[in-house]
Amino acid sequence: MKVLHFGAGNIGRAFIGRTIFQSGYDLTFTDVNENLINSLNDCKNYKVKLVGYNYEKIIHVNNFRAIYLNCPDLLKIISNVGLITTAVGVSSLKKIAFILAEGIILKIKLKSIIPLNIIACENKTQASSFLKNLIYKIISLKYHQYLNKYIGFVDCSIDTIVPSTLSFEKNNLSLIAENFKEWIVNKKQFKGDIPKIIDMTRSDDLMSFIDRKILTLNTGHAIAAYLGWTKKYTTIYESIQDHDIKNIVQSAMEESGLTLIKKYNFDKKMHFFYIKNILTRFKNPFLIDNVERIARNPLQKLSENERLIKPLLSAKKYDLPYHNLTKGIAAALCYKNKNDLESIKMNDLIKTLGVEKTLNQISNLQLGSQEMNAIINAYISINAVYSEKFN
């Protein structure tokens, strides 16, 4: 089977692309970065060094092709593959949707009845369903029956850590990655045969896995990054070595975890063990991940259904504690990075509207509510220390 992967960055090469290659499929990368595409075509291979405690293994990835995102030939490739995956970032899905729509229309015009499955491997709840809605709005209603029959949009949950700062070869294509990986898909959403991809778990209950990952790992990762930024740490490893940050991160994940236990009837002992394993992964000295990478796009991370606000609202709904979650949200509001457009926009809003109205606009939290007041109090405390350190 032929597979097209959008996004030849770290996750694309070290996780999705590597897994597809190891599964024996015909792999093509596409990316907006023309230099990266040229490097992939020139080198024709790269390495992924998998690391863990007392573990190291190198995987050689080769026999792939790479094509620039704006190349006209990309539409023909879309019309001819059986599986498309993405790792482009949530903000890029709208652009990808237009390209996919054109390729699917070409597939229809070619009268192809070979099923095509699309898996958006993004840090967003039901990212493939989100992408599906975008594409259905673009493609004419007269083609929707074809889409319903032959095009599958498969939601998934992915979990691994690939630091942006680590490479071990001069060509910068090869990467160091965490040995741990998890790729869980909704098996009910496939059209035709489900591809046999190594270590891909097929699930009937994907939503619980998505929430478990985003509202535990991503929640903790984000809070570690934002608190680390306020203390001028550069890596997650440095941040999590800080006793105060580690305690807040662990407690925030446990607060979020209690809501998941309530909602999905998870076993508390097992879920708290899952949290303990995540902290161990954050402390892996072989994975020096950059705080700035994890903290980027604060407006997205502070939106109502995302990793910081959603567990807070769930805790309120179930009358559960959220003291440490408010500290994480407050730290995100203190994130000032001149290289991050969302950070600039957020801080401009805070200067114009004040922090409470800004949070209300970004997150839809109620003005004057108990949880809003708790966040504002935490923000005042953290921002005072932050401003003193940076001025």
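The values are calculated or read from the model by the stated rules, or taken from the named source; none is laboratory data. Since this is a predicted model, take the numbers as computed values, not measurements. Reconstructed Cβ throughout: ideal geometry from the backbone, glycine too, with neighbour counts over all protein chains shown. Side chains included, ligands, DNA and RNA excluded: accessible areas come from the protein's heavy atoms. Shrake-Rupley method; radii C 1.70, N 1.55, O 1.52, S 1.80 Å.
Using Kirkwood radius over Cα pairs in Å as the read-out, say which of (1) 20.7; (2) 24.0; (3) 22.0 was calculated from these coordinates. It is the one labelled (3). Of all aspartates and glutamates in the structure, the ones whose alpha carbon falls short of 14 Å from that of residue 95, not counting any fewer than 8 places away in one chain, are 31. Please report the carbon-and-sulfur percent of the accessible area for the chain; probe 1.4 Å, protein heavy atoms only, DNA, RNA and ligands left out. C and S atoms contribute 50 percent here. Once region 317-391 is represented by equal point scatterers at the alpha-carbon sites, with solvent omitted, what log10 I(q)/I(0) does the Debye formula produce at q = 0.15, 0.23, 0.24 Å⁻¹? Normalising to I(0) and taking log10 leaves -0.51, -1.12, -1.20. Accessible surface of residue 264, taken over heavy atoms with a 1.4 Å probe and every protein chain present, rounds to 50 Å². Using the Cβ-Cβ distance between residue 110 and residue 384 with R0 set to 51 Å, the FRET efficiency works out to roughly 0.20.
Simple spin-label estimate for residue 202 and residue 63 gives 2.4 nm between the two label positions (7 Å along the Cα-to-Cβ direction from each Cα). How charged is the neighbourhood of residue 148? Take every other residue with its Cβ under 12 Å from the Cβ of residue 148, and add Lys/Arg as +1 and Asp/Glu as -1. It works out to a net charge of +3.
Normalised by the number of residues in the chain, the mean separation of alpha-carbon contacts (under 8 Å, six or more apart) gives a relative contact order of 13 percent.
Entry comment: accessible area of the chain is 45 Å² per residue, from protein heavy atoms only and a probe of 1.4 Å.
Expressed as a fraction of 2.2 N^0.38 Å, the C-alpha radius of gyration for region 144-269 is 1.34. Of all DSSP-defined beta bridges confined to the chain, some 30% are antiparallel rather than parallel. Under 21 Å of direct C-alpha separation, and excluding same-chain neighbours fewer than eight residues apart, residue 181 reaches these lysines: 47, 49, 57, 124, 196, 213, 276, 283.
Specify the inter-centroid distance of region 31-71 and region 247-313, based on alpha-carbon positions, in whole Å. A separation of 29 Å, based on Cα centres. Using the average count of surrounding beta-carbon atoms within 10 Å as a protection proxy, the listed peptides 198-205, 229-236 rank, highest first, as 229-236, 198-205. Positive end of the dipole of region 222-277, charges at C-beta (+1 Lys, Arg; -1 Asp, Glu), about the Cα centre: which of 243, 260, 225 has its Cα farthest in that direction? Selected residue: 260. Only helices reaching 15 angstrom along their own axis (Cα) with mean Kyte-Doolittle hydropathy no lower than 0.0 count here, and for the DSSP H runs of the chain these are 93-109, 127-138, 219-230, 323-333, 341-353, 370-390.
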